[in-house]
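The structure under discussion appears below in the form of structure tokens.
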Amino acid sequence: MEHCSNQYWMKKGMQIFFVLLTSLFLKVNGQTSITKLKDTIAVIDNGVLTLKLDLTRGGAISYLSLSNSTRNIVNISDEGRYIQQSYYAGKGLNRQAEGQAKQWSPWPWNPIQVGDYNRHRAKILDFKKNGNQLYVKCTPMLWDMDNQPAEAEMEQWTTLEGSILKVHNKLTCHRTDKIYVDSILCDQELPAVYPISALKNLFAYTGKIPFTNDQLENPTVVNLSSGFWGIYPSVSEHWMAFVDDNHWGMGIYNANCERFLAGLAGKINGESSSSSTSYIAPTKKAMLTKNCIYEYDYTVIIGNLDEIRSTVYKLHLANAEKK
């Protein structure tokens, strides 16, 4: 059995840094024309948080703020950002003759929810709003290719509960290609999260006695210019958070992941449209075959560090009681 090589993650890191430096010069080639705000943005406000999904970009999470604020703490500088689904399968291939970007070659099968490197966007297939839950279904785009939809669908159920988002993601593959090797384990971003870089302080617990309120770690944030994001192989409480100097910000919890990536691209103090961004991704190895279904859950928690950790503990206890 093969494994996705770390060279693709390293290559991705350097190429994202390249995109960071040149993003102001990219032309937007979106497939969906924006006519009315109500047709393109799905909104829920529960009096605590305001959540928005961008229906011109696969229904990815494009906006999170306090209800009484207009400050979006999600970076949406390009189609590789947002809070979105992203998956990897097969071996890296040189497909430049078929429209693959030179800077993203060779590259494995990599459908993402928002759109491709050249800003062609995912197409919404279905959307529903039911109380404080939003459902979207889309045809994702292959990140490295120029305007090539993936042979797959992504679904997302996003539920707003107080100061948290509970998200269930689902990928359904029906690939007909014969070019990617099928039996390869790849690291999956579960999900890919881009908080604003003004949330610049990273916190997590990586010790041996999780869920005991042992002291949190505050590691130095790795800048992408060093070659790659920071790698954290044993995040034993299954969450990381980026917060401001008042220890307020965004935490990401995935009960099934102990390995995380996190870091900063560019400079601190950037906002939602800045080319600079923070990044968190819980990761886990999974083999995505041509006709597979892959599902997982995660939670986004907004608040101060104590509130984020307390919420994680409650979620952990609830998960334990279900087993």
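The values are calculated or read from the model by the stated rules, or taken from the named source; none is laboratory data. What you see is a predicted model, and the numbers here were worked out from it, not measured in a lab. We place every Cβ from the backbone using ideal geometry, glycine too, and count neighbours over all the protein chains shown.
Only one of the listed residues (W107, W143, W157) is at pLDDT 95 or above and touching a His at 6+ places or on another chain (Cβ under 6 Å). That residue is W157. Annotation: L185 fulfils all but one of (1) of a type in the set (A, V, I, L, M, F, W, C); (2) part of a loop (DSSP other than H, G, I, E, B); (3) under 30 Å from N291 (Cα atoms); the unmet one is (2). Checked against the criterion of being more than 30 Å from K323 (Cα to Cα), out of contact with any Gly (no Cβ under 7 Å at 6 or more places or on another chain) and among the polar types (S, T, N, Q), the candidates S234, S276, S272 yield just one match: S272.
K208 fulfils the conditions (1) of a type outside the set (S, T, N, Q); (2) at pLDDT 95 or above; (3) in contact with a strand residue (DSSP E or B) (Cβ under 6 Å, 6 or more places away or on another chain) except for a single criterion, (3).
Residues in the range 136-166 that are out of contact with any Ser or Thr (no Cβ under 8 Å at 6 or more places or on another chain) and aromatic (F, W, Y): W157 only.
The sole residue among S310, S276, S272 that is more than 20 Å from Q85 (Cβ to Cβ) and buried (at least 18 other Cβ atoms within 10 Å of the Cβ) is S276. Here L66 fulfils each of the conditions (1) surrounded by fewer than 24 Cβ atoms within 10 Å (Cβ to Cβ); (2) under 14 Å from W143 (Cβ atoms) apart from (2).
Among the residues of the range 165-209, which ones are aliphatic (A, V, I, L, M) and more than 21 Å from T283 (Cβ to Cβ)? The answer is I179, I196, A198, I209. Scanning the range 180-210 for residues that are more than 28 Å from K170 (Cβ to Cβ) and of a type in the set (F, W, Y), we see that the one that is surrounded by the most Cβ atoms within 10 Å (Cβ to Cβ) is Y205.
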